[in-house]
Amino acid sequence: MKNLSKTFVWILMVLLFVGLAGFGAINVAGTNRTLATVGTAEVTMDEYARALQQEQRAIQAQAGQAIPLSQLIAMGVDRGVLSGLMASAALDNEMKTLGLSVGDQTLLNEITKISAFKGSDGKFSRDSYKYALQNAGLSEAEFEADMRAETTRTLVQGAILSGTKMPPLMGKTLTDYIGARRSFSYVRLSEADLVLTQVEPTEDDLKAYYDAHPQDFTLPETKVITYATLRPDALVDEVELDEAALQALYAERDGEFNVPERRLVERLVFSSEEAAAAAKAQLEVGGTTFETLVADRGLSLSDIDLGDLAKSDLGAAGDAVFAAEVGAVVGPLPSDLGSALFRVNGVLEAKTTSYEDALPTLREELAMDRARRLIETRAEGLDDLLAGGATLEELAKEEGLTLGTLNWTANTTEDIAAYDAFRKAAQAVKPEDFPSVGFLEDGSLFALRLNEVLPPRPQPFEDARQAVTAAVKAARVAEALTAQAEELKAATLANGNQFPEGSEVVTEIGLTRTAYLDQTPVDLMVKVFAMEVGSLEVVSDAEGTVVVRLDELLPPDDSEDMQFLTQALSEQLDQSLANEIFQIYMQAVQSRAQAQVNQQAVNAVHASFQ
């Protein structure tokens, strides 16, 4: 039995050893670092992690704040990164299938061009190369394999994109459309040209227009909101101000209350004191002007304008400049850029405000500042009361807040609705939301509650009466203008297509589609480009009413700008076609490669970011 027990023990030990050995072998050899396979090419977990991390850093740098992986996933960044890596892998697989690659010398040339691998002498440095790869977590073999594949991909992409040309006719057609010009004449009719009897619309006229145009008198969706506010000016009387704080504030704003005398100065710097003296001598004998000296240096007066300066700002030149009369040129005088001539263009007198004179302003500012701080200290307590079930009405009664009601729409900008913080809160509030404390831009505290949401609905006739009256009168004027324009058009046709004598005719020569003419209908140019030469049209809208005659069709001008536009359009069309062809090629390459993604590996990479 003793020998049998030893045998069983050894059998158990062997089984345990084999089990542990097997576990270790599976743990090591079974660690799969492949995240996706694309044909014979692979995307590793390390490649995906590096690419995702680079994209995260780029987005964080742009946003100026940390962006967690969960937000990146919600934005679809992870899918974009993986899609890009799989596209590159598909192209690598295609290159292997075709037997394409680049030689060692080409690879060496590409690597030595990278500035990060250059030493202080500007040449490729082996030490810099190793150091950069170590910081990136790459071995030389990994980097060179990636570089060889990237160079090969670039060659293939260049082969597909280069030589792709759109037919020249397409570029010319677009240029002809954009650059086409028209010459035309028009007469603008205005309300001042009308002779209308001043007749007020009747009640029946108003109601008939109101009933016929319900869309013009429909109120938008409206939120009925109750709000409570606590503003700093309501707490000013509760604030205690001490003399020391007022004195400190006055000292802090001394530069605002006590401004020294200043001069408006221009400075023209010369290469040497001798050159500046020679220029000053020419000015004194009347041989030149200061403006000419500036122009001879290839400068403009704006280039040498220093603005308004105090004496201390001018350094050693301060005394001479401040002693000069307005319009005088003094120098040569020293400056931080060399010997210079200074011209004085104006004097700004010193402004002195005593503490006593500034006291009302200081009291108001300091009181408001402390009132805002008092509001901040009360905010947490008020928020707790709201969370505990207190109503806005109770806060107004017991805590001194001001209560108000507002019918809010996206176009409401009166009173408290003029503040962005309130508008955002009103936009977001829902019937089930409980009031909470927020702050306006001026430091005021507010809380709001949504009572109900009124759907779009007709505005009551009595409320809309003023708008209806204005609309009826405007429609009457527009109708009369259109009728007068039609009469002018008929008279012009009867006069051999010439506007009648006395008409204020405006003639425009060679305008393009994008031209803008003030006090004319918005779509005037659209109408003009749809007309035949010699035809007449009446064009009318809220901006005005015109009778227009097309005089001439003109091709695009032969200017440098138009030639540049033609070239730019052709290049853009070529690039667009090349990109489309490359996208089609990539779709075919990826389809042939039959990519497969290991979602467990993707999840593992994501988990490493937590």
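What follows draws every value from the coordinates through simple rules; no lab data is involved. All of these numbers come straight from a predicted model, not from anything done at the bench. Because the Cβ atoms are built from the backbone with ideal geometry, glycine has one as well, and the counts that use them run over all protein chains shown.
Under the rule of at least 5 residues apart or a separate chain, name every residue whose amide H is placed under 5 Å from the amide H of residue 35.
When sequence neighbours closer than 5 places are left aside, the close amide H contacts are 43, 44, 45.
Let a ≥ b ≥ c be the square roots of the eigenvalues of the Cα gyration tensor of the stretch 282-354; is it rounded (a/c under 1.5), or, if not, prolate (a/b larger than b/c) or oblate?
Prolate is the answer for the stretch 282-354, as a/c is 1.5 or above and a/b outweighs b/c.
Helix-only estimate, please: 222 nm mean residue ellipticity of the chain, summing -39500 (n - 2.57) across DSSP H runs of length 4 or more and dividing by its residues, to the nearest 500.
Numbers: 22 runs with 317 residues, N = 610.
The helix contribution divided over the chain gives -17000 deg cm²/dmol.
Give me the log10 of I(q) over I(0) for the chain at q = 0.06, 0.10, 0.11 Å⁻¹, as the Debye formula computes it from C-alpha points; what are the numbers?
-0.89, -1.23, -1.15
Which distance in nm do the two modelled labels at residue 124 and residue 403 give, with both placed 7 Å along the Cα-to-Cβ direction?
In this crude spin-label approximation the distance works out to 8.1 nm.
With only Lys, Arg, Asp and Glu charged, each at its Cβ (+1 for the first two, -1 for the last two), find how big the charge dipole of the chain is about the Cα centre; round to the nearest 20 debye.
3900 debye
Rounded, prolate or oblate, given the Cα gyration tensor of the stretch 351-417, with a/c below 1.5 counting as rounded?
Cα axes put the stretch 351-417 in the oblate bin.
Mind checking the angle between helix 461-494 and the chain's longest principal axis? C-alpha axes, 0 to 90 degrees, to the nearest 10.
Between the helix axis and the principal axis of the chain, the angle is about 80 degrees.
Roughly speaking, what is the stretch gain from residue 96 to residue 108, that is 0.36 nm per residue apart minus the C-alpha to C-alpha distance, in nm to one decimal?
Computed gain between residue 96 and residue 108 is 2.3 nm.
How long is the gain from residue 572 to residue 264 if the chain were fully straight, where each residue apart is worth 0.36 nm and the alpha carbon distance is subtracted?
Length gained between residue 572 and residue 264: 105.9 nm.
Rounded, prolate or oblate for the stretch 407-447? Axes are the square roots of the Cα gyration tensor eigenvalues, ordered a ≥ b ≥ c, and the cut-off for rounded is a/c under 1.5.
Here the stretch 407-447 falls in the oblate category.
Could you give me D for the stretch 42-115, from Stokes-Einstein at 20 °C and 1.002 mPa s, where the hydrodynamic radius is the Kirkwood radius over C-alpha pairs? Units µm² s⁻¹, please.
Rounded, D is 146 µm²/s.
For a distance above 19 Å, tell me the whole-number percent of Cα pairs in the stretch 321-388 that qualify.
Pairs farther apart than 19 Å: 68 percent.
Among the listed pairs 96/118; 489/527; 223/473; 113/165, give every one whose C-alpha distance is greater than 27 Å.
Pairs exceeding the cut-off: 96/118; 223/473; 113/165.
Using Cα-Cα distances under 8 Å and only pairs 6 or more residues apart, what relative contact order does the stretch 261-349 have, in percent?
Rounded, it is 48 percent for the stretch 261-349.
Rg/Rh for the stretch 499-591 to two decimals, with Rh computed the Kirkwood way over all alpha-carbon pairs.
1.24
I need the P(r) histogram for the stretch 68-209: all alpha carbon pairs, bin width 5 Å from 0 out to the longest distance, whole percents.
Per 5 Å bin, starting at 0, the Cα pair percentages come out as 2, 6, 8, 9, 9, 9, 8, 7, 5, 4, 4, 4, 4, 4, 4, 4, 4, 4, 1.
As a footprinting exposure proxy, order 78, 296 by other Cβ within 10 Å, with the fewest listed first.
The fewest-first ordering by Cβ neighbours comes to 296, 78.
Could you state the angle between the C-alpha long axis of helix 2-29 and the longest principal axis of the C-alpha atoms of the chain, as a value from 0 to 90 degrees rounded to the nearest 10?
For helix 2-29, the angle is close to 30 degrees.
Given points 7 Å out from each Cα along the Cα-Cβ axis, report the residue 141 to residue 295 separation in nanometres with one decimal.
7.4 nm
I'd like to know which of 368, 456, 426 lies farthest towards the positive end of the charge dipole of the stretch 361-479, counting +1 on Cβ of Lys and Arg and -1 on Cβ of Asp and Glu.
456
Using +1 on the beta carbon of Lys and Arg, -1 on that of Asp and Glu, and nothing else charged, what's the dipole of the stretch 340-425 about the Cα centre, debye to 20?
For the stretch 340-425, the charge dipole is close to 480 debye.
Quick one: angle between helix 140-161 and the longest Cα principal axis of the chain, in degrees between 0 and 90, rounded to 10, please.
The helix 140-161 is inclined about 50 degrees to the chain.
Short version: ³J(HN,Hα) in whole Hz for each residue of the stretch 72-87, in order, from phi by Karplus 6.51 cos²θ - 1.76 cosθ + 1.60 (θ = phi - 60°), x for Gly and Pro, what are they?
With coefficients 6.51, -1.76 and 1.60, one gets 5, 5, 5, 7, x, 5, 4, 5, x, 5, 5, 4, x, 5, 6, 5 Hz.
Just grab the label-to-label distance for residue 531 and residue 474, each label 7 Å out from Cα along the Cβ direction, in nm (one decimal).
2.6 nm
Taking the stretch 407-491, how much of its Cα-Cα pair set, in percent, is spaced more than 15 angstrom apart? Numbers along the way, then the final one.
Numbers: 2579 of 3570 pairs.
Roughly 72 percent, once rounded to a whole number.
Collect residues whose amide H, placed 1.01 Å from N in the peptide plane, falls under 5 Å from the amide H of residue 401; neighbours closer than 5 in sequence don't count.
Residues meeting the amide H criterion: 396.
In whole Hz, what ³J(HN,Hα) sequence does the stretch 413-418 give by Karplus (6.51, -1.76, 1.60; θ = phi - 60°), x for Gly and Pro?
Karplus values, whole Hz, x for Gly and Pro: 9, 7, 6, 5, 6, 7.
Mind ordering 589-596, 493-500, 245-252 by average Cβ neighbours within 10 Å, highest first?
Descending mean neighbour count gives 589-596, 245-252, 493-500.
Translational D (Stokes-Einstein, µm²/s) of the stretch 448-551 at 10 °C and 1.306 mPa s when Rh comes from the Kirkwood sum over C-alpha pairs?
Values: Rh = 16.9 Å.
Result for D is 94 µm²/s.
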